[in-house]
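These notes are about the structure you will find just below.
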Amino acid sequence: MKPLRLGIIGCGNMSDSHGKSYAELEGEIVVTATCDIVLERAQVMADAVGATLAVSDYRDLVNEVDAVLIVLPHDLHHEAGKYFLEAGKHVLMEKPLCNTEEECIDLIHTAERMNKVLMTAYPIRFIPLVSKLKEVLDSRAYGDVFQISIWTEQYTYYEQGHWASQAKRLGGGQFFSHGCHYVDLLLWFLGKPAKGIHFGTNYGTPWMEKEGTSNAIIEFESGALGYHFGTWGARGTRLGYSIHAHCTEGMLEFNLAEGKLYVHRNLVAHKSLGDEGEKEAQEKEVLMEMKEVGKLTHYELKHFAHCIRTGSKPLTDAPGSLQGLRVIWRMYEAERQGGIADLRGLGLEDNWNEIRDCII
């Protein structure tokens, strides 16, 4: 089996985080070419991953690859994605898929017409600890899930004029650019959304035109709630990247920094964690542990290669990621109008061709 020839389009910080994973993919994927508008950056990436070709125009590498990872500013996703799909190449698109509904739909239809894999880069779903969390939730081993909370606290500062600080180029603010990962996770974990509300601010992140701090709440058809707090303004953190899933028989905790999935159980009714010994009295068990931590994008890349070889549907396919973006767009619109977003019909398995009004 020949390894998949991959090109990296865009060699900034994001491609570097992916680039560190290629050593784990020997025999499955080989990076043959890199591209960046600044040729020196493309060459640095090429040297790091062993690629033989570095270019400043992605059209100059199209004959050297079977597939591409596109890591460009968001407003360039549609143009680049369509070029490679129509050239007969498979595309792994760094999130978000595109900045508009129309662009997303056009890419999906292009991929279908060309019979090529179009996958969104949501690597968190593929981290084994998160896959295990999904498995445990689905098994109802600790009862029914009624609340999932996700925290992402980081400091992401952009110099004046950087494209990622500009709402039009980014496609929105922190909620759209980063929160899309966690809306995707909440839909995957909890199913069909019903309604939602969002609040965002650039207070604390004045370099952002739109919000740099985001709070989002989604109510699901089951009655469960999903919450995401994300900020690019954290000057310190305790939770970092954490997921808490409250179930009727215990609470599951994904702790990325520790590389562990815990279950906490048997908290005594009416007792506060401030009561002496109460916090220590509850049961705490490690369900799974990993030695490796970080973005771990090689799991995602392996899945991408598998889908290409087998013709199978990606777990983070384009129609599903479009539904997640629609959730965000409708919550943005409701926020502007001071209302609550109608999210019915926007589950990952719902009809993605149907467009619905967004305010209730």
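The values are calculated or read from the model by the stated rules, or taken from the named source; none is laboratory data. It should be emphasised that the depicted structure is a prediction, and the values quoted were computed from it without experimental measurement. Here the Cβ positions follow ideal geometry from the backbone for every residue, glycine too, while neighbour counts run over all protein chains shown.
Answer yes if at least one residue in segment 128-141 is among the β-branched types (Val, Ile, Thr), touching a helix residue (DSSP H, G or I) at 6+ places or on another chain (Cβ under 9 Å) and not assigned by TED's automatic domain parsing to the domain that holds LYS82, and no otherwise. Within segment 128-141, one or more residues are among the β-branched types (Val, Ile, Thr), touching a helix residue (DSSP H, G or I) at 6+ places or on another chain (Cβ under 9 Å) and not assigned by TED's automatic domain parsing to the domain that holds LYS82. Checking every residue in segment 41-60 against the condition of being outside the structural domain of LEU170 (by TED's automatic domain parsing), within 30 Å of VAL327 (Cα to Cα) and in contact with a strand residue (DSSP E or B) (Cβ under 8 Å, 6 or more places away or on another chain) gives zero matches.
In this structure, does GLY179 turn out to be at pLDDT 95 or above, at positive phi and not basic (Lys, Arg)? So GLY179 fails the test.
Is it the case that LYS134 is of a type in the set (Lys, Arg), over 15 Å from the mean Cα position of the chain (by Cα), part of a loop (DSSP other than H, G, I, E, B) and at pLDDT 95 or above? No. Taken as a whole, the structure leaves ILE359 outside the set of residues that are modelled with pLDDT of 95 or more, among the β-branched types (Val, Ile, Thr) and either surrounded by fewer than 21 Cβ atoms within 10 Å (Cβ to Cβ) or assigned by TED's automatic domain parsing to the domain that holds PHE175 (or both). Here is the figure for segment 256-272: residues that are surrounded by fewer than 18 Cβ atoms within 10 Å (Cβ to Cβ) and outside any loop (DSSP other than H, G, I, E, B) total 3. Residues in segment 34-60 that are part of a helix (DSSP H, G or I), touching a residue at least 24 places away in the same chain (Cβ under 8 Å) and not hydrophobic (A, V, I, L, M, F, W, C): ARG41, TYR58, ARG59, ASP60.
GLY191 meets each of the listed conditions (1) touching a residue at least 24 places away in the same chain (Cβ under 8 Å); (2) surrounded by fewer than 23 Cβ atoms within 10 Å (Cβ to Cβ); (3) closer than 18 Å to GLU333 by Cβ apart from (3). Apart from one condition, GLU276 fits all of (1) within 23 Å of VAL130 (Cα to Cα); (2) modelled with pLDDT under 95; the exception is (1). Pairing residues of segment 202-213 that are in contact (Cβ under 8 Å) with a residue 40 or more places away in the chain and at negative phi with residues that are of a type in the set (A, V, I, L, M, F, W, C) and not in a loop (DSSP other than H, G, I, E, B), at Cβ distances under 6 Å and at least 6 apart in sequence or on separate chains, gives GLU209/ALA167; LYS210/ALA167. Taking segment 239-261 as the range and being among the small types (Gly, Ala, Ser) and at pLDDT 95 or above as the test, the residues that pass are SER242, ALA245, GLY250.
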